[in-house]
Structure formats: C-alpha cells, structure tokens
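Let me begin by presenting the structure, written as structure tokens, before commenting on it.
Every number here is computed from the coordinates shown, using simple stated rules; none is lab data. Nothing here was measured: the structure is a model prediction, and the numbers come from that model. No Cβ is skipped: glycine too gets one built from the backbone with ideal geometry, and neighbour counts run over all protein chains shown.
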Amino acid sequence: MTANGHPSFVDAPWADAFVHLADHCIACITCSAMDEEGTNLGLLCAEGERLNKEFRQARRA
Ligand SMILES: [Zn+2]
C-alpha cells in the first residue's frame, strides 16, 4: 500500500512489462476488440502476444 495514490505494483519487477502490454492493448484495435456487450474478446495480435509473453515471464522471474 502506498499513500500517494499509485498502486503498489508500480514497484514490482514486472511493472514495465505490464505497462508495455497495457499501453499496446489500449491502442491496438485487435487486442482491445470487444463484443456487443463490451466483453473483451481476448484477441491478441502478434505484438500483443509477444508483450503478453514478456509480461508473464517477468512475473515468474
Ligand atoms: Zn495488438
């Protein structure tokens, strides 16, 4: 817990990878694709898949 309003995960070693993934998914039409109900379809383009893999590897490290 931090008092400055930032979630505590920003200090985690995988935070960089998470931010890269999140930034990409927000900007990418494929990765942010939703159905009519607003549920993310979970589609990943090649870049999204690479970032997702990096994120998971970083979390395991
Ligand atoms: Zn993408």
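Based on the Kirkwood radius over alpha-carbon pairs, what value in µm²/s does the Stokes-Einstein equation return for the translational diffusion coefficient of region 12-60 at 25 °C and 0.890 mPa s? Before the final figure, lay out each step's value.
Numbers: Rh = 11.1 Å.
Stokes-Einstein gives a translational diffusion coefficient of 222 µm²/s.
Could you list Cys45, Cys31 in order of exposure, starting from the residue whose Cβ has the fewest other Cβ atoms within 10 Å?
Working: Cys45 15, Cys31 22.
In order of increasing Cβ crowding within 10 Å: Cys45, Cys31.
Label points 7 Å out from Cα along the Cβ direction at Ala61 and Cys28: separation in nm?
Result for the modelled spin labels: 1.9 nm.
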